[in-house]
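The values are calculated or read from the model by the stated rules, or taken from the named source; none is laboratory data. The structure presented is a predicted model; accordingly, all values stated were derived computationally and were not measured. Note that we place each Cβ from the backbone using ideal geometry, even for glycine, and neighbour counts take in every protein chain shown. Heavy atoms of the whole protein, side chains included, go into the accessibility calculation; ligands, DNA and RNA do not. Shrake-Rupley method; radii C 1.70, N 1.55, O 1.52, S 1.80 Å.
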Amino acid sequence: NYPVGPGTPRLTYRAKLAHALDDLRSFRPDLVAVSAGFDAYLRDPLADGTLLAEDFHWLGQTLRALNVPLFTLLEGGYSRDLPDLIFAYLKGVEGNNF
């Protein structure tokens with residue numbers, strides 16, 4: 001478990017994600033399932049997140065770099081920017097530029 005509190009600065013949040021992904025890489029899974037919640041977004045009306053679209057793109061890129069089969073389910077996110085956030089994440093997963 002890698003808890004991240006409300007209002008955690010972006011770079012601290014990303015460092016925590018990077019640590020979790022390093023641990024995942026060391027585990028060497030056969031498959032990765034992502035419950036994609038976008039409520040950590042800065043402008044999400046129901047949460048106190050700090051992430052930007054580029055952070056979700058980075059996350060997609062980092063998951064792609066694991067070189068493990070991956071599937072993603074949409075879990076949450078309530079911002080009007082949600083389609084853009086999903087697209088940024090998927091572009092990262094596909095290896096496309098942001």
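Take the conditions (1) open to solvent by 50 Å² or more (accessible area, probe 1.4 Å); (2) charged (D, E, K, R); (3) more than 11 Å from residue 92 (Cβ to Cβ); residue 44 misses just one of them, which is (1).
Among the residues making up the range 47-63, those that are over 19 Å from residue 5 (Cβ atoms) and open to solvent by 20 Å² or more (accessible area, probe 1.4 Å) are 53, 54, 58, 61, 62. The set of residues from the range 30-63 being over 13 Å from residue 77 (Cα atoms) and assigned to a helix (DSSP H, G or I) comprises 54, 55, 57, 58, 59, 60, 61, 62, 63.
Go through the residues of the range 30-39 one by one and say whether even a single one is surrounded by fewer than 17 Cβ atoms within 10 Å (Cβ to Cβ) and without any contact (Cβ under 8 Å) to a residue 24 or more places away in the chain.
Filtering the range 30-39 for residues surrounded by fewer than 17 Cβ atoms within 10 Å (Cβ to Cβ) gives 30-35, 37.
Still in the list and also without any contact (Cβ under 8 Å) to a residue 24 or more places away in the chain: none.
No: zero hits.
You will find that of 66, 74, the residue that is in contact with a strand residue (DSSP E or B) (Cβ under 7 Å, 6 or more places away or on another chain), closer than 19 Å to residue 15 by Cβ and not charged (D, E, K, R) is 66 and no other. Could you please let me know if residue 55 is of a type in the set (Asp, Glu), at pLDDT 95 or above and more than 10 Å from the chain's Cα centre (by Cα)? Here the answer is no, as residue 55 does not meet what is asked. If the condition is being among the hydrophobic types (A, V, I, L, M, F, W, C) and surrounded by 14 or more Cβ atoms within 10 Å (Cβ to Cβ), then the range 64-90 contributes 66, 68, 70, 82, 85, 86, 87, 88, 90. Of the residues making up the range 15-29, those that are outside any loop (DSSP other than H, G, I, E, B) and either open to solvent by less than 60 Å² (accessible area, probe 1.4 Å) or not charged (D, E, K, R) (or both) are 15, 17, 18, 19, 20, 21, 24, 26, 27.
For the range 37-48, name all the residues that are in contact with a Gly (Cβ under 8 Å, 6 or more places away or on another chain) and not hydroxyl-bearing (Ser, Thr, Tyr). Don't jump to the end; show me each part of the working.
Let us first name the residues in the range 37-48 that are in contact with a Gly (Cβ under 8 Å, 6 or more places away or on another chain), namely 37-42, 44, 48.
Answer for the range 37-48, where residues must be in contact with a Gly (Cβ under 8 Å, 6 or more places away or on another chain) and not hydroxyl-bearing (Ser, Thr, Tyr): 37, 38, 39, 40, 42, 44, 48.
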